Ligand code: ARG
C-alpha cells in the first residue's frame, strides 16, 4: 500500500505494507463520516470565534466539510485506505481541495478527542434510533393485546400450565420488558451526552479552546471534566452494548415462545407464510426461521458486549490504539438489534392466534388447583392445609382419570367437609381469571387499563 509520511518530520521510512494493512480501519470507521464532519465544523467555528482561524479560513473549511458531508451521504466520497481512518480521509481530502486553511483545522485537536467525540455522537443517535424501534415493537404487542382481551390461556411456570390467565396479559409482560430496555437506552444516552472535544491527545491543549461552545454546538450537555478520561475510556459504549445485549436477550425469549407456540404440540399461533420458510425435503414443513434467527443473533450481540469489555480490560489510562476495536462490536450490535426489532414487529402484527387451542389448554393440567385452595381459605381453612387438600384432590382426579370439575361433591367432601356446590363455578377459568383482580393481575378490566396505559405512555413519549 502506498503510505504517506503522514506523521511528519520524525519519520524517514514509510509504514510497512503489512503493518499498514493491519492498522487501517477505514472500512469500519467510515460509518462515522457524518458525525466526523459535524464535529469538525463545530471545532472550526470555535477556532474562529477564539481568533485562531480567520473568517475566510473558517468559511472555506465549513463549506469544504459540508461538501464532503453531502458526498458521504450520497455515497460518492472516495475513501483512500492509505489514509488509515475516516478522520484522516476527511481532513486530507479537505486540505487537498481548499489548500492551507484545511491544514489549520486540526489546531488544538487530536484524533483521540476527535474519535471519542464521533463515537459519542454516533452512539447518541443509535440510542435514539433503537429506542424508537423498541417502542414500535412494544406498540405492536399492545395492539395485539388489545384485540385479544377476551382470549384466555394458562400462565406458565417451569413451562408447566400454572394458573388461568389471558393472552393479553402475557403479551403485556413483553411490553414491560421492552419498556425497561428503552429506559436503559435513554439512561445510556443521558450519561454519554458529554463532549470530549478539546481534550486533545490526552492532556488538553495550550490553545484557549472554548469547550462549552463546541459542546453546545454538538448538542452535548457539557464538556467532559477530565481529558485523560475523555480520550481513554469507552464505558459509554459498554453501557450501550449492555443495554443492547439485554434487549436482544428479551427478543430471544419472545422469539423462543413464538417458535414453541407455533409447534404442533402447542399450536397457539400460526405465523404468516411471509415470515416462515419451507423445507427443501419435507413438503409439509412451515418453519419459524425468522424467530429462530432472532434467537440465534443473541449469541452474537452478547458476544459484542464481551468483545468490548475484554478490549477495555487491562488498558492503562489514556488513549491506546486497542480502542479502535470498539467500533466493530458497537456497529454490529446496533445493526443486528435494529433488524431483529424491525422484523419482530412485522411477525407480531401478522401472526394468528389459535384462541380455541389456548382456551382448551386451560381445561387440562389442573390450572384451577389454586382456586380450590383459595376457596377453602375463604371458608376459614389455613392456606397450607388448603394447599394440601387441593393437592390430594388433584391426585384423586388423576387416579379417576378426570379433571377437578369432574370430581363429585362426595369426593371433594371426603377430602374436606367445608366443600359445597359453590366449588364448581369457582373452577371455571373465566371466573378464575376475573377474580384475579388486583394490581398487576389478569382480570379483564386490569388488563384493559394496562393496555390503554401502555399505548398512551408509548405514543406520548417525549422524543428527547
Ligand atoms: N482510528 C483511530 C480509532 O479508531 C482514531 C484515533 C487514532 N489515534 C491515534 N493516536 N493513533 O481509535
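Just so it is clear, none of the values below were taken in a lab; they were calculated from the coordinates. Here the structure is a predicted model, which is why all the values come from computation and not from measurement. Cβ: placed from backbone, ideal geometry, glycine included. Neighbour counts: every protein chain shown.
At what distance in nm do the modelled label points of residue 49 and residue 424 sit from each other, each positioned 7 Å from its Cα along Cα→Cβ?
Output for this residue pair reads 8.1 nm.
Given the Cα-Cα distance of residue 439 and residue 385 and 0.36 nm per residue of separation, how much length would full extension add, in nm?
16.8 nm
Within the range 86-106, whose backbone N sits under 14 Å from a point 7 Å along Cα→Cβ of residue 56?
Counting only backbone N, you get 99-102.
Would you mind pulling out the separation of the Cα centroids of the range 1-74 and the range 227-262, in Å?
So the separation of the two Cα centres works out to 31 Å.
Given R₀ = 56 Å, what would the calculated FRET efficiency be for residue 313 paired with residue 414, taking r from the Cβ atoms and rounding to 0.05?
On the way: r = 65 Å, r/R0 = 1.17.
For residue 313 and residue 414, the calculated efficiency is 0.30.
Using alpha carbon centroids, what distance separates the range 298-370 and the range 102-124, in Å?
One Cα centre to the other: 31 Å.
Could you work out the Rg to Rh ratio of the range 1-119, with Rh taken as the Kirkwood radius (inverse of the mean 1/r over all Cα pairs)?
Values: Rg = 14.3 Å, Rh = 14.8 Å.
Here the Rg-to-Rh quotient is 0.97.
Hey, what D do you get for the range 266-388 in µm²/s if you plug the Kirkwood alpha-carbon radius into Stokes-Einstein at 20 °C and 1.002 mPa s?
109 µm²/s
Looking at the chain from every direction and averaging, what is the projected area of its Cα convex hull in nm²?
Working: hull surface 120.1 nm².
For the Cα atoms of the chain, the hull's average projected area reads 30.0 nm².
Report, to the nearest 10°, how far helix 444-459 tilts away from the longest principal axis of the Cα atoms in the chain, using its own Cα long axis and a range of 0 to 90°.
Once rounded, the angle reads 10 degrees.
How are the Cα pair distances of the range 171-254 distributed, in percent, across 5 Å bins from 0?
Histogram of Cα-Cα distances, whole percents per bin: 3, 14, 18, 17, 13, 10, 8, 7, 5, 2, 1, 0.
Could you tell me the relative contact order of the range 169-303? Use alpha-carbon pairs under 8 Å, at least six residues apart, and round to a whole percent. Write out the running numbers ahead of the final one.
On the way: 137 pairs, mean separation 29.2, N = 135.
Relative contact order here is 22 percent.
Please work out how much length the chain gains when fully extended from residue 277 to residue 162, using 0.36 nm per residue of separation minus the C-alpha to C-alpha distance, in nm with one decimal.
Working: separation 115, 0.36 × 115 = 41.40 nm, distance 3.25 nm.
Separation in residues times 0.36 nm, less the Cα-Cα distance, equals 38.1 nm.
Mind computing the radius of gyration and Dmax over the alpha-carbon atoms of the range 332-402? Å is fine for both.
Radius of gyration, then largest Cα-Cα span, for the range 332-402: 21.3, 60 Å.
Report Rg/Rh for the range 136-193, rounded to two decimals, where Rg is the Cα radius of gyration and Rh the Kirkwood radius. List each step's numbers first, then the result.
On the way: Rg = 14.8 Å, Rh = 12.8 Å.
For the range 136-193, the value is 1.15.
Using a/c under 1.5 as the rounded threshold, could you call the range 364-439 rounded, prolate or oblate? The axes a ≥ b ≥ c are square roots of the C-alpha gyration tensor eigenvalues, and prolate needs a/b larger than b/c, oblate otherwise. Please report the intermediate quantities before stating the final value.
On the way: a/c = 1.62, a/b = 1.21, b/c = 1.34.
Since a/c reaches 1.5 but b/c is at least a/b, the shape of the range 364-439 is classed as oblate.
Distances over 22 Å make up what percent of all Cα-Cα pairs in the range 76-181?
Values: 3324 of 5565 pairs.
Pairs farther apart than 22 Å: 60 percent.
Calculate, in nm to one decimal, what residue 402 and residue 30 gain on full extension: separation in residues at 0.36 nm each, minus their alpha carbon distance. Before the final figure, lay out the partial values.
Working: separation 372, 0.36 × 372 = 133.92 nm, distance 6.72 nm.
The span from residue 402 to residue 30 would gain 127.2 nm if fully extended.
Relative to the longest principal axis of the C-alpha atoms of the chain, give the angle of the C-alpha long axis of helix 369-378, reported between 0 and 90° and rounded to the nearest 10°.
On a 0 to 90 degree scale, this one is about 70.
From the helices alone, meaning DSSP H stretches of at least four residues, give me the mean residue ellipticity at 222 nm for the chain, per-run term -39500 (n - 2.57), in deg cm²/dmol to the nearest 500.
Details: 20 runs with 284 residues, N = 464.
When only DSSP H runs of four or more count, the value is -20000 deg cm²/dmol.
Enter the angle in degrees (range 0 to 90, nearest 10) between the Cα long axis of helix 235-261 and the first principal axis of the Cα atoms of the chain, meaning the one along which they spread out most.
30 degrees
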